[in-house]
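In what follows, a single structure is set out as structure tokens and then discussed.
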Amino acid sequence: MEFTNPALVVQPGDAAGALLENGAFELLADGGAVSASRLTLDTGADGAPPHHHKLSHEVFYVLDGAVLFRLGDTLTTVGKGGLVVIPPGLPHAFGAAEGTVADMVVVLSPGIERFGYFEQLAAISRGETEFASLVPEQDRYDVHLENIPDWRSGPNQ
């Protein structure tokens, strides 16, 4: 039997990476059926800024530590072994919970090539470019920014 679409295999150390000011990012797969990455955030560090996706579901699997999520107006902390599935359209943000380093796998489906977005986020985290540089890229990366200045605070806090 002949297959026209071979399996994707990413061996340890083969993933493209980007250093963040407070963590590290490895891109495991970019585009196609899924985009997948591994993200490590230092204690209390934020992940992506508040945003939503119009096209993609986003799945987080916590490998170690704990992650604080804002899902719409709800704050929830998910520990090692926990899973979060975010549907298209739901505003969300995430970061390492206070007092813990967070290590997670993040999968978006369908996949959209986003490595340029993550490189831009890394440069912003290191102070090399301005946050405003992401605004014109929202449709390209299906990352639509939300105005939630202090996302770690609940709506009534």
Inset, instruction - Would you please state which residues of the stretch 40-57 a label at ASP73 would reach in this model, taking the label point 7 Å out along Cα→Cβ and a backbone N cut-off of under 19 Å? - result: 50-52
Inset, instruction - For an R0 of 22 angstrom, estimate the FRET efficiency from the Cβ-Cβ distance between ASP150 and GLU21 and round to the nearest 0.05. - result: 0.70
Legend entry - Two-decimal ratio, the stretch 1-107, of alpha-carbon radius of gyration to 2.2 N^0.38 Å: 1.13
Inset, instruction - Report, in debye and to the nearest 20, how large the dipole of the chain comes out about its Cα centre when Lys and Arg carry +1 and Asp and Glu carry -1 on their Cβ. - result: 320 debye
Inset, instruction - Highest first, please rank the peptides 141-149, 91-99 by the mean number of other Cβ atoms sitting within 10 Å of their residues. - result: 91-99, 141-149
Legend entry - Cβ-defined net charge surrounding ILE148, 13 Å radius [Lys, Arg +1; Asp, Glu -1]: -2
Inset, instruction - Take the alpha-carbon centre of the stretch 72-125, take the same for the stretch 35-52, and report the distance between them in whole Å. - result: 5 Å
Inset, instruction - Would you calculate, for the chain, the mean residue ellipticity at 222 nm contributed by helices, counting each DSSP H stretch of 4 or more residues as -39,500 (n - 2.57) and dividing by all residues, to the nearest 500? - result: -2500 deg cm²/dmol
Inset, instruction - Could you grab the relative contact order for the stretch 68-115? Cα pairs under 8 Å, six or more apart, rounded to a whole percent. - result: 36 percent
Inset, instruction - State the percentage of accessible surface on the chain attributable to carbon and sulfur atoms; use a 1.4 Å probe and exclude ligands, DNA and RNA. - result: 53 percent
Legend entry - Rg and Dmax [Cα atoms of the stretch 36-157; Å; Rg one decimal, Dmax integer]: 13.5, 36
Inset, instruction - Give the Rg (one decimal place) followed by the Dmax (whole number) of the stretch 93-136, computed from C-alpha coordinates and expressed in Å. - result: 12.8, 35
Inset, instruction - Pull out the extension gain between ALA7 and LYS54, defined as 0.36 nm times the separation in residues minus the alpha carbon to alpha carbon distance; nm, one decimal. - result: 14.2 nm
Legend entry - Accessible area per residue in Å² at 1.4 Å probe, computed on the stretch 1-58: 61 Å²
Legend entry - Listed peptides 36-48, 71-83 by packing density, highest first (mean Cβ within 10 Å): 36-48, 71-83
Inset, instruction - Keeping every protein chain in place, order SER56, SER133 by accessible area at 1.4 Å, biggest value first, i.e. largest first. - result: SER133, SER56
Inset, instruction - Express in nm, to one decimal, how much length is gained between VAL105 and ASP64 on full extension, taking 0.36 nm for each residue of separation and deducting their alpha carbon distance. - result: 13.8 nm
Inset, instruction - May I ask you to derive the relative contact order of the chain, considering only C-alpha pairs under 8 Å and at least 6 residues apart, and to give it as an integer percent? - result: 28 percent
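The values are calculated or read from the model by the stated rules, or taken from the named source; none is laboratory data. Everything numeric in this text was worked out from a predicted model, so none of it was measured. Cβ atoms come from the backbone with ideal geometry, glycine included; neighbour counts cover every protein chain shown. To get the accessible areas, we keep the full protein, side chains included, count just its heavy atoms, and leave off ligands, DNA and RNA. Shrake-Rupley method; radii C 1.70, N 1.55, O 1.52, S 1.80 Å.
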